[in-house]
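K.L.:
Have a look at the structure that comes next, please.
The values are calculated or read from the model by the stated rules, or taken from the named source; none is laboratory data. As the structure is a prediction and not an experimental result, all values here were calculated from the model. Note that each Cβ is placed from the backbone with ideal geometry, even for glycine, and that neighbours are counted across all protein chains shown.
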Amino acid sequence: MRSNNYKSVLKHAGLAASVLLLASGAAFAQQQVNLSVGAAGAVLPNGSTVPMWGYSCGTAVASSTASCLPLNPAAAAVAAWSPVVITVPTGQDLQINLTNNLSFGATPTTSRPRWSS
């Protein structure tokens, strides 16, 4: 009788330990944000727009508490670029999933300008 009771307690303790282990793994899961890089425009003080490229926040990752927000939320209203601010809980690792939306066609991206004197 005592052996059956011991096995039952051991079985329940093992089940409880498994639940706690899974819960702690979820609490310390790696944080993630989605970024995309693509064409953008920077609005100059004189009102003209300069074409450029930049990062923007992608869709939020449901299982992550990390956040990605534009530094200037009003920039989206005028289709202008804004730097992004990524916030991660202290002590957590961060994984950035990057989507490249750049397309330069025949424009060289590795050439250096030539200066003449």
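K.L.:
Scan region 79-95 residue by residue and report those that are of a type in the set (A, V, I, L, M) and either at pLDDT 85 or above or within 11 Å of Cys57 (Cβ to Cβ) (or both). Steps first, answer last, please.
P.N.:
So in region 79-95, the residues of a type in the set (A, V, I, L, M) come out as 79-80, 84-86, 88, 94.
Answer for region 79-95, where residues must be of a type in the set (A, V, I, L, M) and either at pLDDT 85 or above or within 11 Å of Cys57 (Cβ to Cβ) (or both): Val84, Val85, Ile86, Val88, Leu94.
K.L.:
Cβ-Cβ below 8 Å, separation at least six or inter-chain, first residue in region 41-52 and more than 17 Å from Ala77 (Cβ to Cβ), second loosely packed, with under 10 Cβ neighbours inside 10 Å: which pairs?
P.N.:
Sorted first by the residue in region 41-52, then by its partner, the pairs are Val50/Leu44.
K.L.:
For region 45-69, what are the residues that are of a type outside the set (Ser, Thr, Tyr) and under 30 Å from Pro89 (Cα atoms)?
P.N.:
To start, the set of residues in region 45-69 that are of a type outside the set (Ser, Thr, Tyr) comprises 45-47, 50-54, 57-58, 60-62, 66, 68-69.
Result: Trp53, Gly54, Cys57, Gly58, Ala60, Val61, Ala62, Ala66, Cys68, Leu69.
K.L.:
Considering each residue of region 66-101, count those that are without any contact (Cβ under 8 Å) to a residue 40 or more places away in the chain and closer than 26 Å to Ser48 by Cα, and give that number.
P.N.:
Result for region 66-101: 14.
K.L.:
Please find, among Thr59, Thr65, Thr90, the residue that is surrounded by fewer than 10 Cβ atoms within 10 Å (Cβ to Cβ), of a type in the set (Val, Ile, Thr) and in a loop (DSSP other than H, G, I, E, B).
P.N.:
Thr90
K.L.:
Those residues that are assigned to a loop (DSSP other than H, G, I, E, B) and farther than 17 Å from Ser36 by Cβ, I need them from region 68-87; list them, please.
P.N.:
Asn72
Condition check ((1) modelled with pLDDT of 90 or more; (2) surrounded by 11 or more Cβ atoms within 10 Å (Cβ to Cβ); (3) of a type outside the set (S, T, N, Q)) across all residues:
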{"residue": "Ala16", "(1), (2), (3)": "no, no, yes"}
{"residue": "Leu22", "(1), (2), (3)": "no, no, yes"}
{"residue": "Ala27", "(1), (2), (3)": "no, no, yes"}
{"residue": "Leu35", "(1), (2), (3)": "yes, yes, yes"}
{"residue": "Ala39", "(1), (2), (3)": "no, yes, yes"}
{"residue": "Ala74", "(1), (2), (3)": "no, no, yes"}
{"residue": "Ala77", "(1), (2), (3)": "no, no, yes"}
{"residue": "Asn97", "(1), (2), (3)": "yes, yes, no"}
{"residue": "Trp115", "(1), (2), (3)": "no, no, yes"}
